[in-house]
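The values are calculated or read from the model by the stated rules, or taken from the named source; none is laboratory data. Since we're looking at a predicted model, the values are computed, not measured. Cβ atoms come from the backbone with ideal geometry, glycine included; neighbour counts cover every protein chain shown.
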Amino acid sequence: MNAHAVAFPVPTQVPATGKLPRFAWGLLAYNIAVILWGGLVRATGSGAGCGEHWPLCNGTVLQHAPRVETMIELTHRVTSGITVLAMVALVIWTFRGTVRKHIARVMVVAAAILTLNEAFLGALIVILGKVARDQSPSRGAYLSLHLANTLLLVAALTLTAHFLSRRVGFLRGEVKYRSIALAAVGLVATLFVGVSGSLAALGDSLFPSTSLQAALRQDFAATGTLLLRLRWLHPVLGFAAGFFVCWLVYRSVFQHGYWNNKNLALSVVGLLLLLYTLGLADVMLLAPVWMQIVHLLGADLLWIALVVLTARLCVQPAQTALA
């Protein structure tokens, strides 16, 4: 046998059962649907549909002859509440269905904390009136915090489902870490792209333009609002984050690891190109509501793919060299 051959050890513990990983992936998909509905709330200015009441809607449980804005906001609250209950179920099931030192346990606890923080930030935004047509700079700050928490929640849920699905390399102490610091910097940079995108979308909703030329004048007007003057940051940061994607793809294609990541890397490249196309279409079409939602979906799918590819490259089963 080749002295330089590398063997990967058989896991000493049993991985999670099939139903648990499927439930985790299903909850992630459900969360994406809730996020898209939240984007619809913002894009349609329906955040004030329930007034400044929370968790009640307009001070009551049942709504009589509700407006469209009320139904949009109420639906978002109900679906978000279901998320909290499903997250509790996922935490309990993960701890009952996995062994000690399973990495998914750490990830699911992080996801649960971020879910509670998501509800807190959403409630705070409503109570403080940072919704609908509010144009104050503080609204952008609260929205940025909310979106950053949302992306971190999606990442934690993705990692929970990913490590629950692994057959090897899912226990602390049986994995090795590669380029964690560099990968963390890249993911944080990508997170900032998402945050800047939410601010750009808010500017599109609050200050709609009648033409592309008018939109460009808004962006660079000395007397324009801060939301519009920062709108150019999103495409610039988006192209900068593309270098991180290139690094991930290079690592996955030209450096060997336990898994063959070529197909996933190609999917990431495809999603990145799709997102650039959607961003250009969003600008050219002057950001209609449906285009904003499609753009948001593309961004979420790319974020999930990046997180999975990063986990596969940077958290690998420990290797044992054969003598």
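Go through L85, L121 for me and flag whichever is without any contact (Cβ under 8 Å) to a residue 12 or more places away in the chain, of a type in the set (A, V, I, L, M, F, W, C), part of a helix (DSSP H, G or I) and under 21 Å from V34 (Cβ atoms).
Only one candidate qualifies: L85.
Quick one: in segment 95-108, which of the residues that are under 19 Å from L152 (Cα atoms) and not small (G, A, S) is surrounded by the most Cβ atoms within 10 Å (Cβ to Cβ)?
Top of the filtered list is V108.
Any residue at all in segment 271-280 that's of a type in the set (F, W, Y) and either touching a residue at least 12 places away in the same chain (Cβ under 8 Å) or within 15 Å of P235 (Cβ to Cβ) (or both)?
Checked segment 271-280: at least one residue is of a type in the set (F, W, Y) and either touching a residue at least 12 places away in the same chain (Cβ under 8 Å) or within 15 Å of P235 (Cβ to Cβ) (or both).
Does E174 qualify as being among the acidic types (D, E) and buried (at least 23 other Cβ atoms within 10 Å of the Cβ)?
no
What number of residues within segment 54-77 are surrounded by 13 or more Cβ atoms within 10 Å (Cβ to Cβ) and not in a loop (DSSP other than H, G, I, E, B)?
10
Test G298 against the criterion of being surrounded by fewer than 20 Cβ atoms within 10 Å (Cβ to Cβ), out of contact with any strand residue (DSSP E or B) (no Cβ under 6 Å at 6 or more places or on another chain) and at pLDDT 90 or above, and give yes or no.
When the stated conditions are applied, G298 passes them.
Kindly indicate whether R167 is closer than 30 Å to C50 by Cβ and surrounded by fewer than 18 Cβ atoms within 10 Å (Cβ to Cβ).
no
Given the conditions (1) out of contact with any strand residue (DSSP E or B) (no Cβ under 6 Å at 6 or more places or on another chain); (2) modelled with pLDDT of 90 or more; (3) farther than 25 Å from L191 by Cα, and given that K101 satisfies all but one, which numbered condition is not satisfied?
Status for K101: all satisfied but (1).
State whether the residues of segment 305-316 include one that is at pLDDT 85 or above, part of a helix (DSSP H, G or I), among the basic types (K, R) and surrounded by 14 or more Cβ atoms within 10 Å (Cβ to Cβ).
yes
For A48, are the conditions met, namely being exposed (fewer than 13 other Cβ atoms within 10 Å of the Cβ) and either in contact with a Leu (Cβ under 9 Å, 6 or more places away or on another chain) or at pLDDT below 95 (or both)?
No: the conditions fail for A48.
May I ask you to list the residues in segment 61-97 that are out of contact with any helix residue (DSSP H, G or I) (no Cβ under 6 Å at 6 or more places or on another chain), farther than 21 Å from V41 by Cβ and small (G, A, S)?
A89
Give just the number: which of (1) assigned to a loop (DSSP other than H, G, I, E, B); (2) surrounded by fewer than 18 Cβ atoms within 10 Å (Cβ to Cβ); (3) at pLDDT below 90; (4) not acidic (D, E) does A181 not satisfy?
The one condition A181 does not meet is (1).
Can you tell which of L206, L286, L248 is modelled with pLDDT under 85 and at positive phi?
Result of the check over L206, L286, L248: L286.
Could you grab me the full set of residues in segment 94-125 that are under 30 Å from Q316 (Cα atoms), hydrophobic (A, V, I, L, M, F, W, C) and in contact with a Phe, Trp or Tyr (Cβ under 7 Å, 6 or more places away or on another chain)?
Residues satisfying the conditions are I103, A104, M107.
Of all residues in segment 35-53, which are assigned to a loop (DSSP other than H, G, I, E, B) and either touching a Ser or Thr at 6+ places or on another chain (Cβ under 7 Å) or of a type in the set (D, E, K, R) (or both)?
Result: G45, G49, C50, E52.
So in segment 142-155, with the set limited to residues that are crowded, with 21+ Cβ neighbours inside 10 Å and within 9 Å of the chain's Cα centre (by Cα), which one is farthest from M107 (Cα to Cα)?
Only one residue tops the list, namely L147.
Residue check: is L191 modelled with pLDDT of 90 or more, more than 14 Å from the chain's Cα centre (by Cα), assigned to a helix (DSSP H, G or I) and under 21 Å from A29 (Cβ atoms)?
Spelling it out, it is not the case that L191 is modelled with pLDDT of 90 or more, more than 14 Å from the chain's Cα centre (by Cα), assigned to a helix (DSSP H, G or I) and under 21 Å from A29 (Cβ atoms).
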